[in-house]
Amino acid sequence: MSRALTWIVLAAAILWSATSAEMGLDKLPGAGPRLGEFLGRMMPPDLSIWREVMRGLAETLRIAILGTFFAVILSAGLAVLAAETLVPSSVWRPVRGLLAMIRSIPLILVAMLMVGAVGLGPLPGILAITFHATGMLAKFYAEAIDNVAAAPVAALESAGASRTQQLRWAIWPQMAPVILRDTVFRFELNLRESLILGIVGAGGIGLYVQTYVRSFQYDKAATVTMAIVVLVLASEAVNSALHKRFS
């Protein structure tokens, strides 16, 4: 009954959205030619700006790497405070509420606030990524702690193992694959998000996208787009290799 009710609610939500969204489907027939005209302006890409594009990509990559690094450090401490199995509910509940609040704030808004606080450049991008990623990673790390099976830990404890040995041989082996998976996933997300931070002045290649599109230099915008696609595909390849290596 509950499953049927779930499907009914889902169908009702889709039907309500479709009937009240005012999508304007009558505009679709004319969208193709306009899209084709826009793409035509981007061809051929202007490759003369590749040095600027590489600098922008490098800055974007640095923002993603440093933002993820600092988020991991902060998340490790917050995860302990957010773990149900380690601290009382009077501690982990408020901490999890704080992490949920952090996740609810749009990254672009955080970036704008950081730009207003510290000025233009990569620093506000790094701070925004760190803040936003911590809300997710700390939650994931806390769940990894809570999901550790107690039996291996108890077995080592009964054998006289120290707390450090229990952590090394029973707790960490269970947590490591999950933490690695979640960290790599968040880094990939951070990289994608940092691509647009330049739009609000928070560094990275997004600034070039905004500049070229606003000045109607679509051939240069095409070059930036191609570079972004290559960077994302390279990130996907590295992440897949890491998953295969450590899974």
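The values are calculated or read from the model by the stated rules, or taken from the named source; none is laboratory data. The structure displayed is predicted, hence computed values, not measured ones. Positions of Cβ are backbone-derived with ideal geometry, glycine not excepted, and every protein chain shown enters the neighbour counts. When the accessible area is computed, the model is the full protein with side chains, heavy atoms only, and any ligands, DNA or RNA have been set aside. Shrake-Rupley method; radii C 1.70, N 1.55, O 1.52, S 1.80 Å.
Counting only alpha carbon atoms, the long axis of helix 50-82 and the longest principal axis of the chain meet at about 30°.
Treating the angle as unsigned and between 0 and 90°, give the value, to the nearest 10°, between the Cα long axis of helix 28-41 and the longest Cα principal axis of the chain. Here the helix axis deviates by roughly 80 degrees. Karplus-derived 3J(HN,Hα) values for segment 201-206, using 6.51 cos²θ - 1.76 cosθ + 1.60 with θ = phi - 60°, are x, 9, x, x, 6, x Hz; glycine and proline are entered as x.
Ordering of 129-136, 28-35 by packing is 129-136, 28-35, highest average first (other Cβ atoms within 10 Å, averaged per residue).
Report the gain in length on full extension from S17 to W50: 0.36 nm times residue separation, minus Cα-Cα distance, nm rounded to one decimal.
Details: separation 33, 0.36 × 33 = 11.88 nm, distance 4.36 nm.
My answer for the length gained is 7.5 nm.
Taking the average, over residues, of other Cβ atoms within 10 Å as the packing measure, peptides 64-75, 91-102, 195-206, 216-227 rank 195-206, 64-75, 216-227, 91-102 from highest down. D by Stokes-Einstein for segment 1-92, Kirkwood Rh over Cα pairs, 20 °C, 1.002 mPa s: 106 µm²/s. Between the listed residues Q166, A144, A155, the Cα displaced farthest toward the positive end of the dipole of segment 124-198, a dipole computed from Cβ unit charges relative to the Cα centre, is found at Q166. Dividing the summed helix terms, -39500 (n - 2.57) for each DSSP H run of n ≥ 4, by the number of residues in the chain produces a 222 nm estimate of -26500 deg cm²/dmol to the nearest 500.
So if we plug the beta-carbon distance of A150 and V118 into 1/(1 + (r/R0)^6) with R0 = 51 Å, what FRET efficiency do we get, rounded to 0.05?
Numbers: r = 45 Å, r/R0 = 0.88.
Once the sixth-power term is evaluated, E becomes 0.70.
Shown is the FRET efficiency for R245 and M43, computed with R0 = 35 Å from the Cβ-Cβ distance and rounded to the nearest 0.05: 0.35.
To the nearest ten degrees, helix 89-104 and the longest principal axis of the Cα atoms of the chain are 10 degrees apart.
Can you put F38, F140 in order of accessible area, largest first, using a 1.4 Å probe? Walk me through the numbers before you get to the answer.
Details: F38 80, F140 50 Å².
So the residues, ranked largest to smallest area, are F38, F140.
When +1 charges are put on Lys and Arg Cβ atoms and -1 charges on Asp and Glu Cβ atoms, the dipole computed for segment 44-147 relative to its Cα centre reaches about 120 debye.
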